[in-house]
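Right, one structure below, let's go through it.
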Amino acid sequence: ITPLKIKGHFFPCTITVTDKKEGLGDKNMDFLFGLDMLKRHRCKIDLETNSLIFTVGDGRYMEAPFLHEHDLTEAKGGTKGFDAEKSNAEV
């Protein structure tokens, strides 16, 4: 277990280290916050605000925004650096 710091709050988390160059999952993710951690920290996925909401104690919550597609490269499932004109020309 290691402390993960998000917006000034520390959350004890279990991690898995891989030695694969390509990362985790089909989108080459560097990090996955698993269901076990979501449950442990009583997280809520809020798709309206595009954020993950953590319970930080005493009925208080902390909101961590998700990255937008334009902030992620195509290799990570995003659109950063995507050239629509080039892609359409190839079709």
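Computed quantities for the displayed model
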| read-out | value |
| --- | --- |
| Unmet requirement for residue 49, which otherwise passes all of (1) over 13 Å from the mean Cα position of the chain (by Cα); (2) β-branched (Val, Ile, Thr); (3) not in a loop (DSSP other than H, G, I, E, B) | (3) |
| Out of 75, 89, sole residue that is open to solvent by less than 70 Å² (accessible area, probe 1.4 Å) and not hydroxyl-bearing (Ser, Thr, Tyr) | 75 |
| Residues (in contact with a Leu (Cβ under 6 Å, 6 or more places away or on another chain), within 22 Å of residue 74 (Cβ to Cβ) and either outside any strand (DSSP E or B) or modelled with pLDDT of 90 or more (or both)) located in region 11-46 | 32 |
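The values are calculated or read from the model by the stated rules, or taken from the named source; none is laboratory data. Computed from a predicted model, the values in this text were never measured in an experiment. With ideal geometry, Cβ positions are generated from the backbone for all residues, glycine too; neighbour counts draw on all protein chains shown. Just so you know, the surface numbers come from the protein's heavy atoms only, side chains and all, with ligands and any DNA or RNA stripped out. Shrake-Rupley method; radii C 1.70, N 1.55, O 1.52, S 1.80 Å.
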